[in-house]
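One structure below.
The numbers here are math on the coordinates, done by the rules we state, and not lab data. Everything numeric here is computed off the predicted structure, so don't read it as measured data. As a convention, Cβ positions derive from the backbone with ideal geometry for all residues, glycine included, and neighbour counts pool all protein chains shown.
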Amino acid sequence: MDILAHMLWANYGARAGNKVLEKKKKPVISLAWTTWWGVFPDLFAFTIPFCIVIFNVIFKGQSLSLIRNHHGLAGGFDIASFLYQFSHSLVIWAVVFAVVWILSRRPRLVLLGWLLHILIDIPSHAGNMYPTPFLFPISDYRFLDGISWANPTYMIVNYSLLLIFTLYFFSKRKKRV
């Protein structure tokens with residue numbers, strides 16, 4: 001899924017979590033940090049290749065059209081494939097979540113943004129473009145029959161749902177004021 005949609009889903013997930021926690025008088029989940037963790041997996045995997053592409057465009061005169069060839073001439077996407085398996089693994093997420101919980105002596109719910117990112121990516125990546133290695137390093141299994149997030153129908157449904165959530169949360173906000 002694209003970064004904007006991941007940001008919005010993580011943010012709205014935190015908002016929904018806060019609604020539940022408000023009733024139980026629990027600490028509030030940070031919207032900003034949950035949103036950050038919602039985009040973290042893609043930033044972790046793709047920041048280096050993106051910087052390489054920009055460098056090559058600016059200083060080597062390469063065309064931006066090379067970015068379409070994720071595994072070829074643009075450079076750096078071999079690094080992305082390596083990092084992607086770490087940032088998109090439920091196993092890695094669970095280990096990090098557990099370690100952070102032990103060290104801070106409480107669950108850090110903002111990390112659920114990262115979990116949501118992985119769960120959304122599993123069915124929204126087709127087998128030909130970064131299928132999600134959600135069981136890495138235990139297994140190489142990847143769900144290959146997903147619907148690409150770039151599919152126009154998927155995007156229409158996804159952004160329609162995000163628009164509904166946006167209207168819902170902003171209508172609730174307006175009523176409080």
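Using a ≥ b ≥ c from the Cα gyration tensor of the stretch 96-158 (square roots of the eigenvalues), is it rounded, prolate or oblate, where a/c under 1.5 gives rounded and otherwise the larger of a/b and b/c decides, a/b for prolate? The shape class here is oblate. Here the ratio of the Cα radius of gyration of the chain to 2.2 N^0.38 Å is 1.15.
Of Gly61, Gly38, Gly17, the residue with the greatest mean-square motion in the GNM of the chain, using alpha carbon springs below 10 Å, is Gly61. Where is the GNM fluctuation largest for the chain (alpha-carbon springs, 10 angstrom cutoff): Leu90, Leu43, Leu161? Looking only at Leu90, Leu43, Leu161, the largest GNM fluctuation is found for Leu161. Across the chain, the longest run free of exposed loop sites, meaning trypsin sites (Lys or Arg not before Pro) lying outside DSSP classes H, G, I, E and B with no more than 11 other Cβ atoms within 10 Å, spans 26-104.
Given their separation in residues at 0.36 nm each and the Cα-Cα distance between them, Phe170 and Leu64 gain 34.4 nm when the chain is fully extended. Computed about the Cα centre, the dipole magnitude for the chain is approximately 1380 debye when only Lys and Arg (+1) and Asp and Glu (-1) carry charge, each at its Cβ. The amide H of Ala126, built 1.01 Å from its N in the peptide plane, has Ser148, Trp149 as neighbours under 5 Å, considering only residues 5 or more places off or on other chains. For the stretch 105-130, the residues whose amide N sits under 18 Å from a probe point set 7 Å from the Cα of Ala150 along the beta carbon direction are 121-130. Projecting the Cα atoms of Ala80, Leu144, Phe170 onto the dipole axis of the stretch 41-171, where Lys and Arg carry +1 and Asp and Glu carry -1 at the beta carbon, places Phe170 farthest toward the positive end.
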